[in-house]
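K.L.:
Would you mind keeping the following structure in view while I ask a few things?
Throughout, read-outs are computed from the coordinates displayed, never taken from laboratory work. Just so you know, these numbers come straight off a predicted model, no measurement behind them. All Cβ positions, even for glycine, are placed from backbone atoms using ideal geometry, and neighbour counts span all protein chains on display.
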Amino acid sequence: MRFIPHTEQDIREMLETIGVQNVDQLFAGIPDNLQLGNKHLDLPPALSEIEVISALRQIQMRNPDPEETSSFLGAGAYRHYSPAVIASLIQRGEFSTSYTPYQAEVSQGTLQAIFEFQTMITMLTGMDVANASMYDGASALAEAVLMSNRINKQKEYLIASSVHPEYRQTTETYLRGTDLRLINVPYSSDGKTDFEFIRANLNDRTSAVILQSPNFFGIVEEYEQLGRELKDQNTLLIVVVVEPLSLGILKPPGEREADIVVGEAQSFGLPVSYGGPYAGFFATRKKFVRQIPGRLAGETIDRKGRRSFVLTLSTREQFIRREKATSNICTNQGLCMLAVTIYLAVMGKQGLRELALLNLRKADYLKNKLSKMKGFSVRFNSDTFNEVVLRCPRPATEVRDALLEYNILAGLPLGDYYQELADSLLICTTELNTVEAIDRLAEKLGTV
Amino acid sequence: MEIPNDLHYTIEHEWVRMKNNRATIGITDFAQGQLGDVVFVELPAEGTELTKGSPFGVVESVKTVSDIYAPVTAKVVKVNKDLESQPELVNSDPYGQGWMIEIEFLNSNPEQNLLSAAQYIEQCKDQE
């Protein structure tokens, strides 16, 4: 697609039409002191390409080098191995430069990739239908909350405090200015969500109950029975999956009474990166399909009867339905979603299961090793996947800082998110953490 | 275009067939013609209370989506379930099998502010 700028004549005609003398007048409403006008920005002198690369490298070196550092950070962003085929395929020009596939006749590759992504997400989550992806897991949760209100018109949400704290913040932001309200559900002494609190606070204003599994503490929630009880109440169950690799071995939320399943697909072939780009996923039941936010690709046949793909149910969307659209997301994470699709195709069902088991075993090894250390203990006695909360003999931030001296990122100190857990570190183990690295972590922890 | 004389209408293109304290509601022949092929109709649950002038449902066609507005303040007593599987009835028989809801009036003077067939035809002429 070519970019065709306005000509001088175009601009003149447009200005005449709206009765404005020149382009500057369009900005007359901006106060003088905020206008750049003829002033120059205070910028350093221009650099050559060599100098720019060198300057950027200097900045980059202020980060710990992930190759040199032993990282046990998880908490919503997971280090997993990304097979080389992903990078080489997503860099193909047809994919990396493609635009929103409104024109099905020239976008079959992109549309098929979206369709396959959606299919894989439904298989993974056990749901009927998934959309073309969201910005990230956090915004996917916020959209699920809004969708639940569209479905049952209720305005209160019981949200587990063990849902990723940043997901809860994002949702709060989306709800600002609405009359929808989140009510925090505490966690119990075993780190699981307090379902009795939920049962006691459920009422006919409750639109949805929101749980994460594995939750922010890495603990697997058992919510099937609760989900059944919610059905009688006309309250939806929204399940958040921040580490979807866990679905390689856990029963899918779709088989456990979930009505909407959202999460983050970064684990599948996307590098950990501060601020993304990541790719959220969004899946639900077929009966709610017209309330879904965002893009949907569908399979159809063309006039010659050949299998083909299109954007479908677009009348939900903003470019057709304006302010009554289900959401103002009119896009998806095309390239990241493609990486996820290729990753899942490469791994296959069996590969995903084996990798999930490997993560589980590594985490179990770490859990056993660290819990036997003097002064340390596993904070919650519950089943976990690849993360565990470790109670330390000193404030967790001090432990983290001490281990950074050895090039070890020991995990996330929880005090910033949960005051009462200031002595605890959230530690993650994936297939990329070797047994030697875990042993070394244990050894260095012993010195703090 | 068919605009039956015995019905009441709204400027939003709903028709109302009154019978004692009840009425059947749908969208007009003019409306279905403007929308094109209807692919989905979303209707309220039985028992829902409607306020005159506020949207109670949605008609989705291949071209667009439109709200359906309550012509009167009323309670929904029956919903046309056939439209779930055969939304095209709205196109083929808008005043018959394509009906949408049956309601019970919750206020007196339900005819107030509704249009007669002749008035409605005038409205449509302006919009064509």
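K.L.:
Quick one: order A:Phe282, A:Phe95, B:Phe30, A:Phe72 by neighbouring beta-carbon count within 10 Å, fewest to most.
P.N.:
Placing the least packed residue first, the sequence is A:Phe95, B:Phe30, A:Phe72, A:Phe282.
K.L.:
May I ask what percent, to the nearest 5, of DSSP beta bridges between residues of chain A are antiparallel? Walk me through the numbers on the way to the answer.
P.N.:
Values: 24 of 44 bridges.
Counting DSSP beta bridges with both partners in chain A, the antiparallel share is about 55 percent.
K.L.:
Right, something else. Tell me, what is the percent relative contact order of chain A, built from C-alpha pairs under 8 Å that lie six or more residues apart?
P.N.:
The normalised contact order for chain A reaches 20 percent.
K.L.:
Just to confirm the number: angle between the C-alpha axis of helix A:108-125 and the first principal axis of chain A, 0 to 90 degrees, nearest 10?
P.N.:
The angle comes out at about 30 degrees.
K.L.:
Further question on the same structure: For A:Ile320, A:Ile159, what's the fewest-to-most ordering of other Cβ within 10 Å of each Cβ?
P.N.:
Working: A:Ile320 14, A:Ile159 24.
Fewest to most other Cβ atoms nearby, the residues stand as A:Ile320, A:Ile159.
K.L.:
On full extension of the chain, what length is gained from A:Ser54 through A:Ala422, given 0.36 nm per residue of separation minus the C-alpha to C-alpha distance?
P.N.:
128.5 nm
K.L.:
Can you work out the FRET efficiency for the pair A:Leu357 and A:Glu255, with r the C-beta to C-beta distance and R0 = 25 Å, to the nearest 0.05?
P.N.:
It comes to 0.80.
K.L.:
What's the ranking of A:73-79, B:115-121 by average number of surrounding C-beta atoms within 10 Å, highest first?
P.N.:
For the peptides A:73-79, B:115-121, the packing ranking is A:73-79, B:115-121.
K.L.:
State, to one decimal in nm, how far the label point of A:Lys304 lies from the label point of A:Arg199, with both points 7 Å from Cα in the Cβ direction.
P.N.:
Taking the simple label geometry, A:Lys304 and A:Arg199 are separated by 6.2 nm.
K.L.:
Per residue of A:309-322, how many C-beta atoms from partner chains lie within 10 Å of its own C-beta, taken as a mean?
P.N.:
2
K.L.:
How high is the FRET efficiency between A:Arg176 and B:Ser92 when r is their beta carbon distance and R₀ equals 60 Å, given to the nearest 0.05? Each step should come with its number before you reach the end.
P.N.:
Numbers: r = 46 Å, r/R0 = 0.77.
Efficiency at R0 = 60 Å is approximately 0.80.
K.L.:
Treating the angle as unsigned and between 0 and 90°, give the value, to the nearest 10°, between the Cα long axis of helix A:224-233 and the longest Cα principal axis of chain A.
P.N.:
The angle comes out near 50 degrees.
K.L.:
Sticking with this structure for a sec: When A:Met134, A:Met120, B:Met18, A:Met14 are ordered from fewest to most other Cβ atoms inside 10 Å of their Cβ, what list results?
P.N.:
Starting with the residue having the fewest Cβ neighbours, the order is A:Met14, B:Met18, A:Met120, A:Met134.
K.L.:
Please work out whether the range A:12-116 counts as rounded, prolate or oblate from its C-alpha gyration tensor, where a ≥ b ≥ c are the square roots of the eigenvalues and a/c under 1.5 means rounded, while otherwise a/b larger than b/c means prolate and anything else oblate?
P.N.:
Values: a/c = 2.68, a/b = 1.34, b/c = 2.00.
Oblate is the answer for the range A:12-116, as a/c is 1.5 or above yet b/c matches or exceeds a/b.
K.L.:
What distance in nm lies between label points placed 7 Å from Cα along the C-beta direction at B:Leu106 and A:Asn328?
P.N.:
Going by the 7 Å Cα→Cβ label model, 3.2 nm.
K.L.:
Also: Once you sort the root eigenvalues of the Cα gyration tensor of chain B as a ≥ b ≥ c, which label holds: rounded (a/c under 1.5), prolate (a/b larger than b/c) or oblate (the other case)? Spell out each step's value before the answer.
P.N.:
Numbers: a/c = 1.65, a/b = 1.09, b/c = 1.52.
Note, shape of chain B comes out oblate.
K.L.:
With both partners inside the range A:84-343, how many of the DSSP beta bridges are antiparallel, as a percent to the nearest 5?
P.N.:
Restricted to the range A:84-343, the bridges split so that about 45 percent are antiparallel.
K.L.:
Quick one: length gained pulling B:Ala117 to B:Val62 fully straight, 0.36 nm per residue minus the C-alpha distance?
P.N.:
Length difference between fully extended and current span is 17.0 nm.
K.L.:
Another question, then. May I ask you to derive the FRET efficiency for A:Glu68 and A:Ser377 from their Cβ-Cβ distance with R0 = 25 Å, giving the value to the nearest 0.05? Don't jump to the answer; show the numbers that get you there.
P.N.:
On the way: r = 30 Å, r/R0 = 1.21.
Using R0 = 25 Å, I get an efficiency of 0.25.
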